[in-house]
Amino acid sequence: MRNVFSLKRRHSRRDSFEHLVRPHFDALYAAARRLTLSLHDAEDLVQDVCLKAFSRLGELKEVEFQRAWLLKVLYHEFIDGQRRNQRSPLAIAARGMESQEPDSIAAVTAQPDELVDHNQRTERVLWAMNFLNSDQCALIAMHDVEGFSIAELCALTGAPAGTIKAQLHRTRIKLGRLLSNDAIAEPKLKVVGASNEL
Amino acid sequence: MNCDYMADNMTGLITGTLATRQAAECKRHLAECAACVEALRGAEALALLKARDTGDVPLNLFDAVLGALDNAREPRRTGQRFWLGTGFGGAIAASLVAVALTLGWLHFPESNVPEIAELRVPLGQPHMVDLAFETDRSLQGANISILLVGGVELDGYGQRRELIWTSDLKAGVNKLSLPLIAVEEGGGRVVVRLSHPQSEQVFVFRLKASV
């Protein structure tokens with residue numbers, strides 16, 4: 001009998017999770033796609049966020065702005081994942097290769113040269129974001145990418161508007177400086193050649 | 001005009017929605033404030049992310065995630081984080097070819113290199129082959145090349161027969177996942193070459209279609 005109760009409890013948790021997260025799932029996926037260079041990485045990121053949210057279901061039920069809470073978890077998970085990947089040189093090499101995948105750019109209508117340039121710039125931005133701490137990354141991305149207002153961020157973090165604005169400005173400056181630094185402008189590892197001459 | 005005003009109006013400046021007079025004030029401030037120039041660069045970078053095409057959510061993704069919650073010890077996992085191809089999710093089978101690298105590698109033409117493994121995979125279907133390189137010390141700037149000979153392709157790369165890139169190998173085991181397809185019954189050979197300024201290692205394995 002204990003197993004039956006355990007199963008019911010699990011299903012109840014799952015139902016709660018579905019009820020809370022499904023309305024925000026599209027937003028989570030869109031955020032993950034913006035932060036990753038392949039569909040698979042986006043799906044993995046979303047799944048990691050959901051597993052984390054499921055393990056903190058009680059907290060999720062209590063928060064006032066669930067979408068913001070989930071996105072914040074996603075940005076933290078993104079930075080943590082980037083750091084894990086940094087420890088795997090082969091994974092970094094893969095990012096260089098993935099940027100050339102036709103599938104990842106199929107939906108865009110720009111010309112090929114523009115696509116390569118766009119992908120390289122995106123890769124550079126994601127690379128620079130590694131250097132932000134996860135709180136800075138979450139805050140600035142939620143404002144500048146996801147479009148949360150200062151008032152919403154105040155409600156979410158409990159910090160006054162002046163503090164939020166100052167943090168945003170400092171983080172933009174940091175990101176801008178990172179992007180102007182040639183030492184990190186290029187990916188460390190990338191495809192250096194390819195042929196089909198056989 | 002000060003940095004606070006600039007910060008408040010940065011998004012409008014980037015999107016071009018500021019009034020002419022406000023935009024002109026911002027530009028005057030930028031001409032004399034290096035910090036705001038950096039901040040604008042940072043904000044423009046984030047605007048680039050915001051503008052990315054995110055596509056539609058895959059139809060079954062949320063259900064797959066719910067399934068993973070039911071069995072949290074075995075989450076749906078598409079990545080190994082080394083993806084060379086796309087579009088086949090986590091359902092394909094995997095094989096492992098392990099190679100131990102040591103210092104003082106041998107150098108010899110690949111035609112004379114014995115095949116270290118023969119893998120049988122379904123004809124025409126992507127099959128993940130994991131290569132595990134073990135090295136006793138880290139190697140900076142190693143060149144890795146994958147050469148495909150005969151009826152074998154790398155999923156997502158069509159007719160491309162060779163990929164070359166540089167990478168740093170950490171001491172210990174480094175995994176490289178290749179989504180390979182046997183496009184003919186006889187399959188083909190995969191030649192993997194790792195080269196470093198002091199040494200080179202070539203190994204070969206065969207991929208055949210299972211009958």
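Computed from the coordinates by the stated procedures, all read-outs in this text should not be read as laboratory data. None of the values given here were measured: they were computed from a predicted structure. Positions of Cβ are backbone-derived with ideal geometry, glycine not excepted, and every protein chain shown enters the neighbour counts.
Quick rundown of the values:
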quantity: Whole-Hz couplings from phi, Karplus 6.51/-1.76/1.60, listed for region B:183-194; x for Gly and Pro; calculated: 9, 10, 4, x, x, x, 10, 10, 9, 10, 10, 10
quantity: Dipole of region B:3-50, positive end: most advanced residue of B:35, B:47, B:5 [Cβ charges, Cα centre]; calculated: B:47
quantity: Three-way shape call for region B:12-58 based on the alpha-carbon gyration tensor, with the a/c threshold at 1.5; calculated: oblate
quantity: Which listed pairs, of A:72/B:27; A:52/B:170; A:61/A:174; B:175/B:208; B:50/B:170; A:72/B:170, have C-alpha distances above 24 Å, in listed order; calculated: A:72/B:27; A:52/B:170; A:61/A:174; B:50/B:170; A:72/B:170
